[in-house]
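First the structure, in the form of structure tokens, and then the observations on it.
The values are calculated or read from the model by the stated rules, or taken from the named source; none is laboratory data. This is a predicted model, so every value here is computed, not measured. Note that each Cβ is placed from the backbone with ideal geometry, even for glycine, and that neighbours are counted across all protein chains shown.
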């Protein structure tokens, strides 16, 4: 293989179910970096929720966040480029969420905002307590997401969760059609809504082109529907064994699941 960039999704891919990186993966990626590969995190997460993994990997590349909505430079602590959601559409989406009684977590600037604690907020907050203070993601409870959307600099995306996934799917379809927004599933019970046209694949391709590299020289690992755009766009798209069958069908290669050393094994045997 001629791949010179390794693009890595986090949840369900590089991370285990306990939100850790396997030692074998860390070692293999360290070796790949020493061999000249550039490592790039491409995630649905907000940049404030990536700190421990970015530091563990000792990266010097920017991170593609919120499913391609923006590119973040950790060393300069600034957004390099972005396509945030228009404020009027964010307000309209909040109105729809309230009307359908669906919980929404709004990713903005340097924090994630919510009106009522949801399962996603509770789970992430619990995980955050295990981290050093400086690595903990920021959550902010507000009285009104609509009002907050008018006051922040940028709305990156909304993460919606509901125990009734059928209800959530129907809502996402309606939001996509009514507001012309991008809706992608990032977890079995979470759909992400962002500005139309944003995707991991699009932002990755733009960064790769700026480096003077071809997308054919990129290998990407992913597991969910929001990863399909990059799995299809790169030279080698690798789906995890725990991915949905529809995601596996869009990848070039399928390996083991995220609880195994499959990523490390693949890098060691195929790239090094």
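Here is how the numbers come out for the structure above:
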item: Some residue of segment 204-214 being in the same structural domain as residue 247 (by TED's automatic domain parsing) and within 14 Å of the chain's Cα centre (by Cα); result: yes
item: Residues being within 17 Å of residue 19 (Cα to Cα) and in a loop (DSSP other than H, G, I, E, B) - total across segment 257-272; result: 5
item: Filtered residue count, segment 232-250, keeping only those that are under 14 Å from residue 7 (Cβ atoms), in contact (Cβ under 8 Å) with a residue 24 or more places away in the chain and crowded, with 16+ Cβ neighbours inside 10 Å; result: 6
item: Pairs where the first residue, in segment 155-172, is not assigned by TED's automatic domain parsing to the domain that holds residue 65 and the second is part of a helix (DSSP H, G or I), C-beta under 6 Å, 6+ apart; result: 155/90; 155/149; 156/66; 157/66; 161/119; 161/120; 162/168; 171/100
item: Residues within segment 141-161 that are surrounded by fewer than 20 Cβ atoms within 10 Å (Cβ to Cβ) and under 20 Å from the mean Cα position of the chain (by Cα), tallied; result: 2
item: Helices (runs of 4 or more DSSP H) lying entirely in segment 119-218 (those with 3 or more residues that are touching a helix residue (DSSP H, G or I) at 6+ places or on another chain (Cβ under 8 Å) and under 23 Å from residue 100 (Cα atoms)); result: 145-151, 165-179
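Per-residue answers, yes or no, for (1) closer than 25 Å to residue 125 by Cα; (2) outside the structural domain of residue 205 (by TED's automatic domain parsing); (3) surrounded by fewer than 19 Cβ atoms within 10 Å (Cβ to Cβ); (4) modelled with pLDDT under 95:
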position	(1), (2), (3), (4)
24	no, no, yes, no
28	no, no, no, no
38	no, no, no, no
66	yes, no, no, no
71	yes, no, no, no
77	yes, no, yes, no
